[in-house]
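**Student:** Structure in structure tokens, see below.
The values are calculated or read from the model by the stated rules, or taken from the named source; none is laboratory data. Since the model is a prediction, treat every value here as computed from it, not as a measurement. When we count neighbours, we look across all protein chains shown, and the Cβ atoms used for this are built from the backbone with ideal geometry, even at glycine.
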Amino acid sequence: MGGFELIVGIVPVLVVVIFVFATSVRILREYERAVIFRFGRRANAVFNPGGDGSGPGLILLIPLVDKLVKVSLRTVTMDVPPQDVITRDNVSVKVNAVIFFRVLDATKAVISVEDYLYATSQMAQTTLRSVLGQQELDDLLASRDKINAELTRIIDQHTSPWGVKVATVEVKNVDLPQDMQRAMSKQAEAERERRAKVINAEGEFQAAAKLAEAAEVLSRFPIAVQLRYLQTMREVASERNTTTFFPLPLDLFAPLLRAFSAAEPPRS
């Protein structure tokens, strides 16, 4: 009976020791910090050789007195759900984004806000609708870097009191209505046609200018016209066709035209 009584006496002691060890010893990783509440007030751990009382490393707590809340300091990647936004030029679009942030002050992240993850998500959604609603559609599609910087600045300004640092906010996708996509496609097509017409007109202008210069040179040197005729005949003959032509200078017909004009009776 002595051995049985000894076992019965040791078991409760072991249970108490295990309970005390389980509730008083915590090991935090390098990227974790702890906020400890002692009788409801913020306090440091009893023993923490690896930090300032909140981790990382080994932390000893007072059983049934201290309550520990762990906070991760790693960067969090959070998707901002798609938001229905009406731009300044009254175009309805659906926009989603991604936000990168991390906790700098674990105490503020636990004490200053109930749930910093949920609060940051809600702040990102409201800011996304507010900022994009002040932009025109063309700016939303073209000035993406500027909008991302503005979103990052505003959200970080609101989350700083919570001990949360927003690294960057990126607008991922802008979904346009089908009617707007067709209108933009027509606009792009019309712009391409306009550029093609302008380029064609510039080519015609340059060609006309060169022809005018060539005509001026030929008018100063009439023999060059005859040489051009011969060169054209040579080009036609090299193509092995049956067409033969003989160029006649128009100056030969000028006296005949004048004679016909003089002989023609005047009209009453």
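**Student:** Mind checking whether some residue in the range 188-195 is farther than 15 Å from Ala97 by Cα and in contact with a strand residue (DSSP E or B) (Cβ under 7 Å, 6 or more places away or on another chain)?
**Tutor:** We begin by selecting, within the range 188-195, every residue farther than 15 Å from Ala97 by Cα; these are 188-195.
Retained after the next criterion (residues that are in contact with a strand residue (DSSP E or B) (Cβ under 7 Å, 6 or more places away or on another chain)): none.
Within the range 188-195 (the criterion being farther than 15 Å from Ala97 by Cα and in contact with a strand residue (DSSP E or B) (Cβ under 7 Å, 6 or more places away or on another chain)), the answer is no, since none of the residues qualifies.
**Student:** Can I ask one more? Looking at Ser143, Ser112, which one is polar (S, T, N, Q) and under 26 Å from Ala34 (Cβ atoms)?
**Tutor:** Of Ser143, Ser112, the one residue that is polar (S, T, N, Q) and under 26 Å from Ala34 (Cβ atoms) is Ser112.
**Student:** Is at least one residue of the range 99-111 under 17 Å from the mean Cα position of the chain (by Cα), assigned to a strand (DSSP E or B), surrounded by fewer than 20 Cβ atoms within 10 Å (Cβ to Cβ) and among the aliphatic types (A, V, I, L, M)?
**Tutor:** no
**Student:** Checking Lys146 against (1) of a type in the set (Lys, Arg); (2) assigned by TED's automatic domain parsing to the domain that holds Arg129; (3) surrounded by 12 or more Cβ atoms within 10 Å (Cβ to Cβ): exactly one of these is not met. Which one?
**Tutor:** (3)
Each row is one residue, and each column tells you yes or no for (1) modelled with pLDDT of 70 or more; (2) assigned by TED's automatic domain parsing to the domain that holds Val110; (3) part of a loop (DSSP other than H, G, I, E, B).
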{"site": "Pro161", "(1), (2), (3)": "yes, yes, no"}
{"site": "Val169", "(1), (2), (3)": "yes, yes, no"}
{"site": "Glu189", "(1), (2), (3)": "yes, no, no"}
{"site": "Lys197", "(1), (2), (3)": "yes, no, no"}
{"site": "Asn200", "(1), (2), (3)": "yes, no, no"}
{"site": "Phe205", "(1), (2), (3)": "yes, no, no"}
{"site": "Ala209", "(1), (2), (3)": "yes, no, no"}
{"site": "Gln231", "(1), (2), (3)": "yes, no, no"}
{"site": "Phe246", "(1), (2), (3)": "no, no, yes"}
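**Student:** Any idea how many residues of the range 51-86 are under 18 Å from Val110 (Cα atoms) and hydrophobic (A, V, I, L, M, F, W, C)?
**Tutor:** Count: 5.
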